[in-house]
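Data block below; observations after.
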Amino acid sequence: MSEGRSPQGETLLFLTDEQLRQGAEAMFFAYRGFTADPDRILDGLSYGRAHHRALHFIHTAPGTTVNNLLTILGVTKQSLNRVLRTLIEDGLVESKVGRTDKRERHLYLTEAGETLERELSDAQRSRMRAAFRDAGPEAVAGFRRVLEAMMDPELRRQYHKLRGGRG
């Protein structure tokens with residue numbers, strides 16, 4: 001099979017609007033599946049996806065600042081503060097004043113926060129692992145290339161910075 005062609009022989013570089021629409025719909029339903037398991041866990045705790053995203057990125061970069069988290073999540077300060085206030089009050093996140101800049105707040109997951117984050121991420125990793133196994137290594141590599149190509153350049157830089165040496 002030549003590069004750029006699907007098994008049906010369609011040239012991937014010249015997709016029709018309908019094929020692109022189907023791809024967008026597939027992404028929508030895949031995202032619903034990807035978030036379904038964590039949503040069930042979060043719903044039982046009266047949390048939402050914003051709480052999950054905050055836990056995820058605080059876990060990924062312990063000690064991250066509130067401003068850095070704002071940049072990563074692309075939400076308003078007011079919105080993030082509501083989420084963080086709840087997570088801190090519930091003992092899942094700890095906020096520490098910066099050593100060099102006392103105006104900065106550095107965020108860390110508590111042991112309970114780590115446990116919840118692991119439960120949420122394990123559910124998503126399980127679903128992804130099964131999908132990747134079914135799709136095969138070439139599809140996984142292609143999927144990652146497509147996702148990165150869809151990112152705006154600044155978001156791609158943030159993504160690569162966040163990934164750092166994690167591979």
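The values are calculated or read from the model by the stated rules, or taken from the named source; none is laboratory data. None of these values were measured; they are calculated from a predicted model. When we count neighbours, we look across all protein chains shown, and the Cβ atoms used for this are built from the backbone with ideal geometry, even at glycine. Accessible surface is based on the protein model in full, side chains and every heavy atom, while ligands, DNA and RNA are left aside. Shrake-Rupley method; radii C 1.70, N 1.55, O 1.52, S 1.80 Å.
Kindly indicate whether any position in the range 141-151 is of a type in the set (Lys, Arg), touching a residue at least 24 places away in the same chain (Cβ under 8 Å) and either under 21 Å from Ala26 (Cα atoms) or out of contact with any Gly (no Cβ under 6 Å at 6 or more places or on another chain) (or both).
No, the range 141-151 contains no residue that is of a type in the set (Lys, Arg), touching a residue at least 24 places away in the same chain (Cβ under 8 Å) and either under 21 Å from Ala26 (Cα atoms) or out of contact with any Gly (no Cβ under 6 Å at 6 or more places or on another chain) (or both).
Residues in the range 107-130 that are open to solvent by 40 Å² or more (accessible area, probe 1.4 Å) and either farther than 11 Å from Gly91 by Cα or not hydrophobic (A, V, I, L, M, F, W, C) (or both): how many? Break it down into steps so the answer makes sense when it comes.
Residues of the range 107-130 open to solvent by 40 Å² or more (accessible area, probe 1.4 Å): 108, 111-112, 114-115, 118-119, 122, 125-130.
Still in the list and also either farther than 11 Å from Gly91 by Cα or not hydrophobic (A, V, I, L, M, F, W, C) (or both): 108, 111, 114-115, 118-119, 122, 125-130.
The qualifying residues number 13.
Give the residue that is nearest to His52 (Cα to Cα), with candidates limited to residues of the range 75-100 that are in a strand (DSSP E or B) and either hydroxyl-bearing (Ser, Thr, Tyr) or open to solvent by less than 30 Å² (accessible area, probe 1.4 Å) (or both). Give the derivation first.
Taking the range 75-100 and keeping what is in a strand (DSSP E or B), we get 93-97.
Still in the running and either hydroxyl-bearing (Ser, Thr, Tyr) or open to solvent by less than 30 Å² (accessible area, probe 1.4 Å) (or both): 93, 95.
Details: Val93: 12, Ser95: 17 Å.
Among those that are in a strand (DSSP E or B) and either hydroxyl-bearing (Ser, Thr, Tyr) or open to solvent by less than 30 Å² (accessible area, probe 1.4 Å) (or both), it is Val93.
Does Val83 qualify as being closer than 22 Å to Arg32 by Cβ and in contact (Cβ under 8 Å) with a residue 24 or more places away in the chain? Steps first, answer last, please.
Details: closer than 22 Å to Arg32 by Cβ: yes; in contact (Cβ under 8 Å) with a residue 24 or more places away in the chain: yes.
Against the criterion (closer than 22 Å to Arg32 by Cβ and in contact (Cβ under 8 Å) with a residue 24 or more places away in the chain), Val83 qualifies.
Residues are listed down the side, and each one gets a yes or a no for (1) modelled with pLDDT under 95; (2) buried (at least 16 other Cβ atoms within 10 Å of the Cβ):
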| site | (1), (2) |
| --- | --- |
| Asp39 | no, yes |
| Gly44 | yes, no |
| Ala50 | no, yes |
| Arg53 | no, yes |
| His56 | no, yes |
| Asn67 | yes, no |
| Ile72 | yes, yes |
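More than 23 Å from Arg49 (Cα to Cα), open to solvent by 90 Å² or more (accessible area, probe 1.4 Å) and not in a helix (DSSP H, G or I): which single residue out of Arg157, Arg103, Arg133 fits that description? Spell out how you get there, then give the answer.
Details: Arg157 fails: not in a helix (DSSP H, G or I); Arg133 fails: not in a helix (DSSP H, G or I).
That would be Arg103, the only listed residue that is more than 23 Å from Arg49 (Cα to Cα), open to solvent by 90 Å² or more (accessible area, probe 1.4 Å) and not in a helix (DSSP H, G or I).
Only one of (1) buried (at least 17 other Cβ atoms within 10 Å of the Cβ); (2) modelled with pLDDT under 90 is not met by Phe14, so which one is it?
Condition (1) is where Phe14 drops out.
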